[in-house]
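Nothing in this text is a laboratory measurement; each read-out follows from the coordinates by a stated rule. These numbers were taken from a predicted model, which means no experiment stands behind them. So basically every Cβ, Gly included, is an ideal-geometry build from the backbone, and we count neighbours across all protein chains shown.
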Ligand code: ADP
């Protein structure tokens, strides 16, 4: 009896200490998140206000300077929109209120349009984007969700891998995907892959396991100088899984990062593409 009493006291104490540690960690994550988001909001807002005031006070004398200030206002407001969309998406995903409207999308055309729509960010970072995609690759996705995933991954490449100058986007279907599926243990029904690779510093293996966790930021010199609140990749993961696909990280051969997106292919095209849908 005494032994049982002591054992249950120990077990109770252990559970209590574990819950208390988890609560402390959650509280710390929340405050870090709030301060990161506030900081992220403050910087573009300050810039928008500053350049709008300079314009209003007539400090931009030449049309070129006016254009330059207006350009900064547009870029900074786009940055604000991106952050707010991520926070809103994060809330919806956490509360399982995000619904997915899955439709068939022709990948090559979609990729060209998406890369074009991200030109503002990639041009600002002086990054060149290359795209390779076979014709007639049709995937089943929610367009908005996939755009948000692309935005988050490419925005990260521009933030952390700017020095590498190049982002390569490569899409391919089933046979290559089957190999990757095994390597990445991802969804068995997935039949298309998009790899987004940069030539930046890459990510250490121990950090790489955690970058898809919410609020997680690698604590090193690369991130210290760049803003962020650790939401982008956790949102990307939840969005990809919500569409029946997945996103993983692997080192790029020759240095840098590759983000590997796996997606469902349109099933009635599998045969016409000459692909084996059972793989
Ligand atoms: P945030 O960018 O707001 O910090 P993310 O969830 O988008 O949050 O990314 C998590 C972390 O993963 C980043 O803080 C960064 O350390 C690392 N990371 C993401 N993309 C890259 C990349 N392309 N190259 C190097 N590190 C990256």
| request: Per DSSP H run of at least 4 residues, take -39500 (n - 2.57); add these up for the chain, divide by its residues and hand me the 222 nm value, nearest 500 deg cm²/dmol. | output: -18500 deg cm²/dmol
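For residue 220 and residue 106, what does the FRET efficiency come to when R0 = 35 Å and r is the distance between their Cβ atoms, rounded to the nearest 0.05? Mind showing how you got there, number by number?
Working: r = 40 Å, r/R0 = 1.13.
About 0.30, to the nearest 0.05.
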| task | Provide the FRET efficiency to the nearest 0.05 for the residue 97-residue 163 pair, computing r from the beta carbons and using R0 = 30 Å. | result | 0.20
| Percentage relative contact order, the chain, counting C-alpha pairs under 8 Å, at least six apart | 18
| query | In whole angstrom, how far apart do the alpha carbon centroids of the range 1-73 and the range 144-169 sit? | reply | 22
| Simple label model, 7 Å out from Cα along Cβ direction - residue 3 to residue 213, nm | 3.8
| message | If I stretch the segment between residue 45 and residue 15 completely, what's the gain in nm (0.36 nm per residue apart, minus their alpha carbon distance), one decimal? | response | 6.3 nm
| remark: Here the percent of antiparallel bridges among DSSP beta bridges lying wholly in the chain, to the nearest 5, is 85
